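K.L.:
Dropping a structure here in structure tokens format, bear with me for questions.
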Amino acid sequence: MIVENENAKKKIRIILLVLFAAVFVFHFFVLIRIIPYTIVWGGRLQNLEQMYIFEVVSIVLNSFFLFVILMEGRWVRGYFSTSVLKGILWGMIVLFSWNTFGNLNALDSFESIVFTPITFLIALLCFLLV
């Protein structure tokens, strides 16, 4: 564990929950077309069908990430062992690190400017929990 202090870990978990909830809402707004899909997925989505597929996947993944943080903090019943949760957190670190580099190369500057720091922060906070 990088962070041993339980109060610090609780704050990290709360920040992650807020970030994942905000990202969930953002992708839901993209899905229902309040936010244009041209500013997500690197600006590379070609049509509505692609958008629906990618956004549903994103919403499902973000729901899973929320649930993982809730389980890791023992706020909900744990369905995975501690070692499996740590493995999932490492997977999240890799995913959000990749996503950070992807955001840096996005065709839409909004995605680069707004989401690069968010995905970097999520990767860093997950690393601190491992």
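The values are calculated or read from the model by the stated rules, or taken from the named source; none is laboratory data. Because the structure is predicted, anything quoted here is derived from the model rather than measured. Here the Cβ is made from the backbone with ideal geometry for all residues, glycine too, and neighbour counts use every protein chain on show.
K.L.:
Taking residue 127 as the residue in question, decide whether it is farther than 30 Å from residue 6 by Cα and in a helix (DSSP H, G or I). Steps first, answer last, please.
P.N.:
Details: farther than 30 Å from residue 6 by Cα: no; in a helix (DSSP H, G or I): yes.
No; evaluated as a whole, the condition is false for this residue.
K.L.:
Just to be sure before I move on: is residue 63 under 29 Å from residue 3 (Cβ atoms), at pLDDT 95 or above and touching a His at 6+ places or on another chain (Cβ under 8 Å) in the structure I sent? Before the answer, list the steps.
P.N.:
Values: under 29 Å from residue 3 (Cβ atoms): yes; at pLDDT 95 or above: yes; touching a His at 6+ places or on another chain (Cβ under 8 Å): no.
Taking the combined requirement at face value, the residue does not satisfy it.
K.L.:
Run residue 92 past the list (1) surrounded by 15 or more Cβ atoms within 10 Å (Cβ to Cβ); (2) over 12 Å from the mean Cα position of the chain (by Cα) and report the number of the one that doesn't hold.
P.N.:
(2)
K.L.:
Let me ask something else about it. So in segment 64-86, with the set limited to residues that are without any contact (Cβ under 8 Å) to a residue 40 or more places away in the chain, among the aliphatic types (A, V, I, L, M) and assigned to a helix (DSSP H, G or I), which one is surrounded by the fewest Cβ atoms within 10 Å (Cβ to Cβ)?
P.N.:
Top of the filtered list is 84.
K.L.:
Output the number of the condition that residue 112 fails; it satisfies all remaining conditions of (1) without any contact (Cβ under 8 Å) to a residue 12 or more places away in the chain; (2) surrounded by 17 or more Cβ atoms within 10 Å (Cβ to Cβ); (3) closer than 22 Å to residue 7 by Cα.
P.N.:
(3) is the only condition that residue 112 fails.
K.L.:
Moving to a separate point now. Would you call residue 117 surrounded by fewer than 17 Cβ atoms within 10 Å (Cβ to Cβ) and over 30 Å from residue 2 (Cα atoms)? Outline the logic, then answer.
P.N.:
Working: surrounded by fewer than 17 Cβ atoms within 10 Å (Cβ to Cβ): yes; over 30 Å from residue 2 (Cα atoms): no.
When the stated conditions are applied, residue 117 does not pass them.
K.L.:
Still on this structure: Among the residues of segment 51-63, count how many are of a type outside the set (A, V, I, L, M) and crowded, with 19+ Cβ neighbours inside 10 Å. Before you say what the answer is, go through the steps one by one.
P.N.:
We begin by selecting, within segment 51-63, every residue of a type outside the set (A, V, I, L, M); these are 52, 54-55, 58, 62-63.
Checking which are crowded, with 19+ Cβ neighbours inside 10 Å leaves us with 55, 58, 62.
Looking only at that region, the number is 3.
K.L.:
If you don't mind, another one. Which of the residues spanning segment 46-55 are of a type outside the set (Phe, Trp, Tyr) and either more than 14 Å from the chain's Cα centre (by Cα) or not in a helix (DSSP H, G or I) (or both)?
P.N.:
46, 47, 48, 49, 50, 51, 53
K.L.:
May I pose another question? Could you please give the count of residues in segment 12-45 that are closer than 15 Å to residue 70 by Cβ and not hydrophobic (A, V, I, L, M, F, W, C)? So that I can check it myself, show each step before the final result.
P.N.:
Residues of segment 12-45 that are closer than 15 Å to residue 70 by Cβ, as a first pass: 12-21, 24.
Now restrict to residues that are not hydrophobic (A, V, I, L, M, F, W, C): 13.
Going through segment 12-45 one residue at a time, the tally reaches 1.
K.L.:
Considering (1) at pLDDT below 95; (2) farther than 22 Å from residue 16 by Cβ; (3) touching a Leu at 6+ places or on another chain (Cβ under 9 Å), say which one residue 78 fails and leave the rest.
P.N.:
Only one criterion is unmet by residue 78, namely (2).
K.L.:
Name the residue, out of 19, 61, 48, 31, that is free of Cβ contacts under 8 Å to residues at least 40 places away in the same chain, under 20 Å from residue 106 (Cβ atoms) and out of contact with any Phe, Trp or Tyr (no Cβ under 8 Å at 6 or more places or on another chain). Step through it out loud before you land on a result.
P.N.:
Working: 19 fails: free of Cβ contacts under 8 Å to residues at least 40 places away in the same chain; 48 fails: out of contact with any Phe, Trp or Tyr (no Cβ under 8 Å at 6 or more places or on another chain); 31 fails: out of contact with any Phe, Trp or Tyr (no Cβ under 8 Å at 6 or more places or on another chain).
Answer to the check: 61.
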